[in-house]
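Report on the following structure.
The values are calculated or read from the model by the stated rules, or taken from the named source; none is laboratory data. Not measured: the values here are computed from a predicted model. A quick note on method: Cβ atoms are made from the backbone with ideal geometry, for glycine too, and the neighbour counts reach across all protein chains shown.
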Amino acid sequence: MKKILVSGGAGFIGSHLCTRLIKEGHHVVCLDNLFTGSKANIAHLLKHPCFDFVEHDVEIPYHAYGIDEIYNLACPASPIHYQYDAIKTIRTSVIGAINMLTLALENDAKILQASTSEVYGDPIIHPQVESYWGNVNPVGFRSCYDEGKRCAETLFMDYHRQKKVRIKIIRIFNTYGPRMLPNDGRVVSNFVVQALNNKDITIYGEGNQSRSFQYINDLIEGMVKMMNTADDFIGPVNIGNPNEFTILELAEKIIRLADSKSKLVFKPLPHDDPKQRQPDITLAKGKLDWQPTVELEEGLKHMIEYFKNNHACC
Ligand SMILES: NC(=O)c1ccc[n+]([C@@H]2O[C@H](COP(=O)([O-])OP(=O)(O)OC[C@H]3O[C@@H](n4cnc5c(N)ncnc54)[C@H](O)[C@@H]3O)[C@@H](O)[C@H]2O)c1
């Protein structure tokens, strides 16, 4: 049994990760300030003898002993939430990374950073390989998130090179699944909620921008596999589903699967919205023996079912 700390463990991805690690028989410490996460997400774990919830902001140093592994997920991930308090977002990424790396150093623990495909910005290379340095606007509305995550990657590398901390970096691409918030502006949850309520589905631009959508279970498998690689493999590694769909195709699929009467409406594209995003997962396939297994339609069915049962009228 390992003692594993998950920062941001009460959020969408974090709660699925905590569940998986508990199922594997580990002791899990979930650290979260409940900004976008909630106790409801981890309600099924709260009474488990090997699960500790600590309400804590990663901007504040955290000290604990006996930690074997750390997954650093704390950071709001949807544009609505990360732009709500941009300074707080970048502080969470940067100061949070320093505090979690310090904790790893103190414990000689392995630490994994949940980075993002946003580090590639509006990419001019397609699909994105890990060696691509990205095309990010440093002064835009998304920069607090994109640049915060880029700086966190730098910090991870520098703690590794300078202080020999055992690190892992994954770049997560668009992920969806149960426990996403219904109102956070992310495209899959947005469309599902609109479809279930037979409301107009809002498409930004003409809907030709392509995206790849990864189901949560595939991501969790990739995260755990990455953590379990040998110490000399640190990444960064793309974890995402390379199957591409346009936003228009996604909307049409959701309308059909939800048996909805929603109509499509078109609005101007927001600032810095990337036109194309698709992971090259050659590295993950080779080094982690990992690739996504859940098809979009299958994942969407789970998602629609979850929203029907939990947020039917949102
Ligand atoms: N969902 C995706 O598609 C996606 C894609 C790329 C990267 N990621 C990364 O994965 C991680 C989890 O994302 P998510 O989709 O689960 O988002 P989420 O908002 O559901 O989860 C983030 C969690 O971090 C917590 N948090 C935020 N600021 C904090 C702070 N200062 N101190 C402590 N806790 C804090 C929130 O309360 C929440 O529980 C994030 O780091 C995000 O950048 C997610």
Problem set entry | Cβ-Cβ under 6 Å pairs, at least 6 apart or on other chains, segment 68-88 side without any contact (Cβ under 8 Å) to a residue 40 or more places away in the chain, far side more than 10 Å from the ligand (Cβ to nearest atom) and among the basic types (Lys, Arg) | none
Exercise. Do we find that LYS168 is in the same structural domain as THR116 (by TED's automatic domain parsing) and either within 16 Å of the ligand (Cβ to nearest atom) or among the aromatic types (Phe, Trp, Tyr) (or both) in this structure?
Worked result: yes
Exercise. Does segment 176-199 hold any residues that are surrounded by fewer than 21 Cβ atoms within 10 Å (Cβ to Cβ) and small (Gly, Ala, Ser), and which are they?
Worked result: GLY185
Seminar exercise, completed: For segment 249-263 the number of residues that are among the hydroxyl-bearing types (Ser, Thr, Tyr) and under 14 Å from ILE203 (Cα atoms) is 1
Exercise. Looking at (1) within 13 Å of the ligand (Cβ to nearest atom); (2) touching a Lys or Arg at 6+ places or on another chain (Cβ under 8 Å), which is the only condition HIS26 fails?
Worked result: (1)
For this session: Would you be able to say whether some residue in segment 130-141 is touching a residue at least 60 places away in the same chain (Cβ under 8 Å), part of a helix (DSSP H, G or I) and either more than 9 Å from the ligand (Cβ to nearest atom) or not assigned by TED's automatic domain parsing to the domain that holds ALA64 (or both)?
Result: no
Problem set entry | Inter-residue pairs, beta-carbon under 8 Å, first among the acidic types (Asp, Glu) and in segment 172-191, second at pLDDT 95 or above and assigned to a loop (DSSP other than H, G, I, E, B), 6+ apart | ASP184/THR36
Problem set entry | Any hit, segment 144-160, residues being in contact with an Asp or Glu (Cβ under 9 Å, 6 or more places away or on another chain), of a type in the set (Gly, Ala, Ser) and in a helix (DSSP H, G or I) | no
Problem set entry | In segment 171-196, the residues that are under 21 Å from GLN276 (Cβ atoms) and assigned to a loop (DSSP other than H, G, I, E, B) | PHE173, ASN174, GLY185, ARG186
For this session: Specify the residue that is farthest from GLN113 (Cα to Cα); the eligible residues are those in segment 1-17 that are of a type in the set (Val, Ile, Thr) and more than 8 Å from the ligand (Cβ to nearest atom).
Result: ILE4
Exercise. Of all the residues that make up segment 275-293, how many are in contact with a Gly (Cβ under 9 Å, 6 or more places away or on another chain), modelled with pLDDT under 95 and either assigned to a strand (DSSP E or B) or surrounded by fewer than 19 Cβ atoms within 10 Å (Cβ to Cβ) (or both)?
Worked result: 1
